[in-house]
Amino acid sequence: MEDVQHRAVSFFWNESNPANGFTKDRASNGETVDTHTIASCAAVGYALIAYPIGVEHNWVDRKEALDRTRVTLAHLLTDWPQSHGWLYHFVDWKSGERQWKSEASSVDTSLCLAGILFAQQYWKDPQVNRDADAFIKRIDWNWMLTDGGRKPNEDHLCMGWHPEDGFINARWSEFNEAKFLYVQAYGLTDITNAGWDKIRRPAETYKGIDFITGGPLFMHEMSECFYDFRGRRDRLGYDYSIEERNAAQANRAYCIDNPKKMKGYGPDFWGLNACDGPDGYGAFGAPGWISDDGTVCPTAPLAAMPVIRKEAEAFAAAMRHDYPSAWGRYGFPDGLNPNRNWVGPDVIGIDLGMMLCAVENARTGFVWHITMANPIIKRGFERAGLKKAKPDPRLRIAAG
């Protein structure tokens, strides 16, 4: 696990432009020179957390990490295009020019903000603090909530905005990865917090394991890698740490059952997730709703390490033993499909970042310790109704 983390930190250090701090969305996992040139604002957020993890493990020099953080925040303010404080999803990693007609993304800006809030809390540096505050104050949450004022009674944030087409016709109103988006919004503003209770949470059960929604495992892991939901329940009685645990166990149980008879699936080879596959990027997932072509994403089981550590470590050991050619300069590939004899050539920043944070939390609790000390996150938890609760020995998702 030390090697897994070290290589992930290396990705964020090597594949972030030292001149502006912009981090590539993906990079080759081979030993060749990388040719990818597109940066993601979400990957930048994870990089801002990866640098302190590297410092704490003595993999990155502290002064160099602070300098890189200062550069990153400064250029996010001046060189990354934005609308009403919301960053465009993809830019050229050198020029900062918007790419692929990407949207001003609410969730990806929020992922970047997670890193900025972490950096501010960790470094306690005047320059970092100044630029972080400027970034925070620039975000117009009400604009994204109400579609620029046209929907004044909305409770759920819009997914994004295109200058060509306006607001995306989709909102963060379903149970998914975006819990962190609402924790930040509620912590930073006084916008309505009614949306949290109104999020759709369809109940699922597999082999007696209760969870919500199903599908790709990252939806149950991404918010949890930033913020510590353990021992807390919201106004509806949900414990999202237990939900994460159950979703991971159900995902693993599906792969053990292997109804489609995919090659390799078993107790130590599982993890259906959104990732690269042999036919392109796909939202693989099960149970709940099933998209299964035999592709396993190493991020999924490793990001579950805080809730099912033994099973996650067994997966990592089996991957190294059974698929040695899949191990690259940045660790495991984003996707692997033994059924098609295919190993993904790349790693993806947000997947490496989620895995890095989760493994660190399982080992030391470091990311949770920093984030949960932030008054903004404390207020966000309070407004979402997430309060300390007695442990449920039955490990039920919802109380009652």
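Results for (1) touching a Cys at 6+ places or on another chain (Cβ under 9 Å); (2) open to solvent by 10 Å² or more (accessible area, probe 1.4 Å); (3) among the hydroxyl-bearing types (S, T, Y), shown as yes or no for each residue.
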position: L302; (1), (2), (3): no, no, no
position: A312; (1), (2), (3): no, no, no
position: G335; (1), (2), (3): yes, no, no
position: R340; (1), (2), (3): no, yes, no
position: D346; (1), (2), (3): no, yes, no
If a residue has to be open to solvent by less than 10 Å² (accessible area, probe 1.4 Å) and assigned to a helix (DSSP H, G or I) to count, how many in segment 211-221 make the cut?
-> 2
Limited to segment 65-85, what total is found for residues that are part of a helix (DSSP H, G or I), among the small types (G, A, S) and open to solvent by less than 10 Å² (accessible area, probe 1.4 Å)?
-> 1
Identify the single condition in (1) more than 19 Å from L386 (Cβ to Cβ); (2) in contact with a Gly (Cβ under 8 Å, 6 or more places away or on another chain) that P152 does not satisfy, given that it satisfies every other one.
-> (2)
Between residues in segment 44-62 that are closer than 14 Å to G115 by Cβ and residues that are of a type in the set (S, T, Y) and not in a helix (DSSP H, G or I), which pairs lie under 6 Å by C-beta distance while being six or more apart or on different chains?
-> V44/T23; A47/S16; A47/T23
Can you name the condition, by its number, that A373 falls short on among (1) aliphatic (A, V, I, L, M); (2) open to solvent by 30 Å² or more (accessible area, probe 1.4 Å); (3) farther than 30 Å from T189 by Cβ?
-> (3)
Checklist (1) within 15 Å of the chain's Cα centre (by Cα); (2) on the phi > 0 side of the Ramachandran plot applied to A300, failing item | (2)
If you scan segment 235-253, which residues turn out to be touching a Gly at 6+ places or on another chain (Cβ under 9 Å) and either in a helix (DSSP H, G or I) or of a type in the set (K, R) (or both)?
-> R235, S241, A247, A248, A250, N251, R252
When restricted to R394, R363, R340, R379, the only residue more than 15 Å from F229 (Cβ to Cβ) and at pLDDT below 95 is R394
Which one of the conditions (1) of a type in the set (A, V, I, L, M); (2) under 21 Å from the mean Cα position of the chain (by Cα); (3) closer than 26 Å to I256 by Cα does A314 fail to meet, given that it meets all the rest?
-> (2)
Does F269 satisfy the criteria of being in contact with a strand residue (DSSP E or B) (Cβ under 7 Å, 6 or more places away or on another chain) and more than 30 Å from A398 (Cβ to Cβ)?
-> yes
Boolean, M372 is within 26 Å of T205 (Cα to Cα) and at pLDDT 95 or above | no
Count of residues meeting criterion [closer than 23 Å to G288 by Cα and modelled with pLDDT of 95 or more] in segment 214-232 = 11
If you take the residues in segment 266-282 that are without any contact (Cβ under 8 Å) to a residue 12 or more places away in the chain and either under 24 Å from I348 (Cα atoms) or assigned to a loop (DSSP other than H, G, I, E, B) (or both), which one is least open to solvent (accessible area, probe 1.4 Å)?
-> G280
Filter segment 233-265 for residues that are open to solvent by 30 Å² or more (accessible area, probe 1.4 Å) and either over 30 Å from V343 (Cβ atoms) or modelled with pLDDT under 95 (or both) and give the result.
-> R235, L236, Y238
Kindly indicate the residue of segment 386-400 that is of a type in the set (K, R) and in a loop (DSSP other than H, G, I, E, B) and also nearest to R245 (Cα to Cα) among those meeting that condition.
-> R396
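The values are calculated or read from the model by the stated rules, or taken from the named source; none is laboratory data. Being a predicted model, the structure only gives us computed values, none of them experimental. Heads up, the Cβs are rebuilt from the backbone with ideal geometry, glycines too, and the neighbour counts pull from every protein chain shown. Accessible surface is based on the protein model in full, side chains and every heavy atom, while ligands, DNA and RNA are left aside. Shrake-Rupley method; radii C 1.70, N 1.55, O 1.52, S 1.80 Å.
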